[in-house]
Amino acid sequence: MSAFLAPYGDYGAEWLPLLLRAMVNTALLSICAFALAFVFGLLLSLCQKSSFAALRYFAALYVTIMRGVPLLAVLFLLYFGLPGIGVVFDAFGAAIAGLALCFAAQVAELFRAGLKAIPAGQSEAALAAGFTPAQSFVWIILPQVARVILAPMIITFVSLLKDSSLASLITVDELVLTGRSMATEYFLPLQIYVAVGLCYFAIAGPFSVLSRRLALPAAR
């Protein structure tokens, strides 16, 4: 055990700044991608409830396709494929776009489930009270939906955070790519990848605990 821990004492001062910088990049990538996925997912869920058939079909088709296509394939398409037709993303931008496009489908399904959980009488009562449909949705329906889907939405963010490791394959300087570079330099892959795993846990762990705490009242 002491032999396993010894490199942390020997190289910890060198590794820590590298891992902290990679943690910041990973967190920034995940937050930006999830923010876009949240907005796009909400728009998709509204399209699913639209009175226009074209919007409903588009949303249903998009969700079906994106839930069936691997994230890595989307990242490769954006970063390596689109330059062939003149559309160029840098690695970080391609990673944000790919994660957002894929996870928007999951967010849309969460919103759809949340909207189904709200009785139709809520909207009808708001309209009868003089609210417009938009006001009814923003002030009456959406806050209730937010309470219903908050815990699963946090779990979705944690999933996105973990899947952001695939961005290393398109050269985004996040935790996995940094760990790979460190393992090549120091020839201590076991200790380095354990440290990388602990860094992911340090970011995702609090969110996982929070989602469980939020889910407990609903389970009762």
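The values are calculated or read from the model by the stated rules, or taken from the named source; none is laboratory data. Note that the structure is predicted; figures quoted are calculated from it, not measured. Glycine gets a Cβ as well: all are built from the backbone with ideal geometry, and neighbour counts include every protein chain shown. Surface areas here come from the heavy atoms of the whole protein model, side chains and all, with no ligands, DNA or RNA. Shrake-Rupley method; radii C 1.70, N 1.55, O 1.52, S 1.80 Å.
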On the basis of being out of contact with any His (no Cβ under 8 Å at 6 or more places or on another chain), open to solvent by less than 20 Å² (accessible area, probe 1.4 Å) and of a type in the set (Phe, Trp, Tyr), does PHE207 make the cut?
no
Does at least one position in segment 145-161 carry a residue that is open to solvent by 60 Å² or more (accessible area, probe 1.4 Å) and among the small types (Gly, Ala, Ser)?
no
So VAL196 ticks every box in (1) among the aliphatic types (A, V, I, L, M); (2) open to solvent by less than 30 Å² (accessible area, probe 1.4 Å); (3) modelled with pLDDT under 95 but one. Which box is left unticked?
(3)
Go over the candidates TYR57, TYR62 one by one and state the one that is more than 16 Å from PHE103 (Cα to Cα) and either at pLDDT 95 or above or not in a helix (DSSP H, G or I) (or both).
TYR57
Filtered residues of segment 131-144 (kept if open to solvent by 60 Å² or more (accessible area, probe 1.4 Å), free of Cβ contacts under 8 Å to residues at least 12 places away in the same chain and not polar (S, T, N, Q))
PHE131, PRO133, ALA134, VAL138
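One line per residue, one yes/no per condition, for (1) open to solvent by 50 Å² or more (accessible area, probe 1.4 Å); (2) without any contact (Cβ under 8 Å) to a residue 60 or more places away in the chain; (3) closer than 25 Å to LEU42 by Cα; (4) over 16 Å from the mean Cα position of the chain (by Cα):
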site	(1), (2), (3), (4)
ARG67	yes, yes, yes, no
GLY86	yes, yes, no, yes
PHE89	yes, yes, yes, yes
LEU110	no, no, yes, no
Among the residues of segment 181-193 satisfying the criterion of being open to solvent by 80 Å² or more (accessible area, probe 1.4 Å) and of a type in the set (A, V, I, L, M, F, W, C), which is farthest from PRO152 (Cα to Cα)?
PHE187
